[in-house]
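Input: a single structure, listed below in structure tokens.
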Amino acid sequence: MVDPVDFLTALFLLLGSSVIAGEVAGRLGHVALVGQVAVGVVLGPTLLGPHLGLNMDPNTTVGAGLTAIQTIAVFFILFMAGLEIVPEDIWNTGALSAVLGVTVFLVPFLIVAWVVPFIVPGISTLTALFLALTLSITALPVMAVILIELRMLRTRLGSMVMGAAVVNELAAMTTFAILLQFRGGSTSFLPLVIAILEVAVFISVVLSIHQGLKLLRQGPLWLRLQERLARPLRKRQVWFAFLMLGALSSALLSQALGLTFLIGAFYAGLLVTRESAGPVARREIGRVFGTMTWGFFIPLFFAFVGLNMNLTLLFTLQTAEILGVLILLACLTKIMVGAAVPLGFGWSPRASAAVASLVNGRGAVELASATILLSMGVFTPLLFTLVASVGIVTTVLAPLGAALAHPEREPGLVQGPHSARGQPLTAR
């Protein structure tokens, strides 16, 4: 049984330290997650964890409670990631965003998956694929934060890279769902077909519900339904409960199909759009979930990431070399593709360099996926520490390179919102 005093004390310490460290990191020019993960590292097994009794071991009283909170945090983070994506916008990303989003996932994924078995002794093919996948995800929330801080979110460059991040995230999460079907160790062709069919069924159900809600809102039946439900359900909290039930249903469906609740939470967020929920409700849902997620779950989640990391595992020459190669691979593959694609569409070298740096940033979705893989036993503590370390390093580097294309240095980047259709940005 979880001791409420020990659990609440641990929660207070982690949340308070994480929030403060995130603010400090922001004032130093980095995204908050850098400071939040650092707090977890300090309070975890690397430094103070053994003395404070803080850990993520579900067999301990404190660890059991923190593990439960971590599961909820992952659910909210993935739901928020899906909430930031509008299904219709996927079709409006344009050639450049679509090509960039696919290639900046696929090329690093294939290269890292091919190289990893040569540098990590004894790693299985499936684990190598999962590791490659986590290192190939471009962080949509982190990218948005960086663009906001650089005042580039509503620029042509900002619109294009956000569209690319949407495509990248969808490709990564769908691939993740397919790979999960091979945990039994089978390498035959049939499981691949079954895996693709299961993913197709799940996505079809999700998108069919979205389309149904959209069509329902466009007809007169929706107004009558609203009036009937509004009388007995006047409290706004009840509508929030229905939304949570829908998201949990999606998570349970994906879990039942063997896709893990993470996939269901992500795609559940896709269902909440201006067409399905209405513009006002959509803004309200985004505000409520944003406050809860960014104010409570995200600081705790990144502190949990630090608690799961054990940097003492890297204190050998071999593991240090592996980490160095993974960082180099992760950066080079993303940066090369991220620069080559915009250049091929006629963008300026400076703008292409900024795009390359932005798509190199990892973040919440990558670490959430790695956390799930750790809890499932696919990742060892060493592999998780390696993946998390790469994610932190690349997240720190991303805003530094993006500053190359600051609007003050290239006026062509601030000519208003861009449709992401691939029109070139002219260099000065």
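The values are calculated or read from the model by the stated rules, or taken from the named source; none is laboratory data. All values reported here derive from a predicted model rather than from experimental measurement. When we count neighbours, we look across all protein chains shown, and the Cβ atoms used for this are built from the backbone with ideal geometry, even at glycine.
All conditions in (1) assigned to a helix (DSSP H, G or I); (2) more than 19 Å from the chain's Cα centre (by Cα); (3) farther than 26 Å from I392 by Cβ; (4) not charged (D, E, K, R) hold for I322, with the sole exception of (3). Listed by first and then second residue, the pairs with beta-carbon distance under 6 Å, at least 6 apart or on different chains, first residue in region 54-75 and within 28 Å of M173 (Cβ to Cβ) and at pLDDT below 80, second in a helix (DSSP H, G or I) and of a type in the set (V, I, T), are M56/T67; P58/T67.
Anything in region 126-156 that is at pLDDT 75 or above and either among the hydrophobic types (A, V, I, L, M, F, W, C) or assigned to a loop (DSSP other than H, G, I, E, B) (or both)? List them, or say none.
Of all residues in region 126-156, those at pLDDT 75 or above come to 126-138.
Those that are at pLDDT 75 or above and either among the hydrophobic types (A, V, I, L, M, F, W, C) or assigned to a loop (DSSP other than H, G, I, E, B) (or both): L126, A128, L129, F130, L131, A132, L133, L135, S136, I137, T138.
For F12, the conditions (1) farther than 15 Å from I69 by Cβ; (2) free of Cβ contacts under 8 Å to residues at least 24 places away in the same chain all hold with the exception of (1).
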